[in-house]
Each structure stands twice: as C-alpha cells, then as structure tokens.
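Undergrad: For reference, the structure I am asking about is given below.
The values are calculated or read from the model by the stated rules, or taken from the named source; none is laboratory data. The shown structure was predicted, so the numbers you read here are calculated from the model rather than taken from an experiment. Here Cβ is always computed from backbone atoms with ideal geometry, including for glycine, and neighbour counts include all displayed protein chains. Heads up: the accessible areas ignore ligands, DNA and RNA and are worked out on the full protein's heavy atoms, side chains in. Shrake-Rupley method; radii C 1.70, N 1.55, O 1.52, S 1.80 Å.
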Amino acid sequence: QVQLVESGGGLVQAGDSLRLSCAASGRTFSINAMGWFRQVPGKEREFVAAISWNGGDTFYTDSVKGRFTISRDNAKNTVYLQMNSLKPEDTAVYYCARGRYRHVVATTNGYDYWGQGTQVTVSS
C-alpha cells in the first residue's frame, strides 16, 4: 500500500510563494512519475504539474508555467511543488498523486494513489 501525505498549504496574499511537499511511503516511489492536481468546489480535479520517475522530465498546465516548479527527492521519497507569484485563481485544494507509469501524464486516470489534499488560499 502507498500513502501520500501533503503539507505546506496555507493562506497567503497574491504575489506570495508557497512550497508544497508530498511524502510517500512505499518502496516504489522512485520508479513512478508523480503529479500535482488541484480542485475547487463544484469543479473537476485539474492537472497542475508532473515529474517523471527520475526527475528528467516535467510538464505543467499552461496557467502555472513560469510560476510553479515541480521537483522530487527520491532519497527522501518526497515530491515538491514550489509556487511563486501566486494568484487568487490558484486557490484550491492541492493533491499529490503517484503515477501508474514512469513518464509524465496529465490526466487523472494516469495516477493510482492520491493524498488527502492540502488547502491553498490566495487572497487578493
């Protein structure tokens, strides 16, 4: 069984930064891609960023390119999402997820384990 635990969310002002962390249990962390998604009430879960199993490939949704950076530390079984220049429209619950494959995938069906989510609120 794989468990994913997110942390680092909070309430910030527009223009501020946050770094989300996702700690994973299980020995297969280093051979799976990882992703971050977000969701607001009444909307579908939205892809944010993904990183391949070895960190060599990353992919972002257009709205966060140049502001967010995904990274991973396989020695610590942890994936990060550095979020800079935050905007009110970034407000959501952010989820990390373990990919089914080694390569990056931008759809929810490409992930098999999910964390419980961490709230990010950006005030204007």
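Undergrad: Which of rounded, prolate or oblate describes segment 70-124 when judged by the alpha-carbon gyration tensor and an a/c cut-off of 1.5?
TA: In terms of gyration-tensor shape, prolate.
Undergrad: Oh, and also: In whole percent, how big is the carbon plus sulfur part of the accessible area of the chain, probe 1.4 Å, protein atoms only?
TA: The value for the chain is 47 percent carbon and sulfur by accessible area.
Undergrad: I would also like to ask the following. Highest mean first, what order results for 16-22, 102-108 on Cβ atoms within 10 Å?
TA: With the highest mean Cβ count within 10 Å placed first, the list reads 16-22, 102-108.
Undergrad: For the chain, with every protein chain kept in place, what is the accessible area per residue (1.4 Å probe, Å²)?
TA: Numbers: 6300 Å² over 124 residues.
Each residue of the chain exposes 51 Å² on average to a 1.4 Å probe.
Undergrad: Also, I was wondering about something else. Roughly how big is segment 33-124's charge dipole about its Cα centre, with Cβ charges of +1 (Lys, Arg) and -1 (Asp, Glu), in debye to the nearest 20?
TA: My answer is approximately 140 debye.
Undergrad: State whether the chain is rounded, prolate or oblate according to the following rule on the C-alpha gyration tensor (a ≥ b ≥ c being the square roots of its eigenvalues): a/c under 1.5 gives rounded; otherwise a/b larger than b/c gives prolate, and the remaining case gives oblate. Spell out each step's value before the answer.
TA: On the way: a/c = 1.65, a/b = 1.62, b/c = 1.02.
Cα axes put the chain in the prolate bin.
Undergrad: Would you please put 32-42, 55-65, 109-119 in order of how densely packed they are, using the mean number of other Cβ atoms within 10 angstrom per residue and starting with the highest?
TA: Final packing ranking: 32-42, 109-119, 55-65.
Undergrad: State the percent of C-alpha pairs, over all pairs in segment 29-75, separated by a distance greater than 13 angstrom.
TA: On the way: 612 of 1081 pairs.
Tail of the P(r) past 13 Å holds 57 percent of the pairs.
Undergrad: When we measure straight from the Cα of Lys87, which lysines land under 19 angstrom away, once same-chain ones fewer than 8 places off are left out?
TA: Straight-line reach from Lys87, under 19 Å: Lys43, Lys65.
Undergrad: Segment 60-124 to segment 1-56: how many Å between their Cα centroids?
TA: 4
Undergrad: Moving on. Through the Karplus equation 6.51 cos²θ - 1.76 cosθ + 1.60, θ set to phi - 60°, convert the phi angles of segment 5-15 into ³J(HN,Hα) values in whole Hz; use x for Gly and Pro.
TA: 10, 8, 7, x, x, x, 9, 9, 9, 4, x
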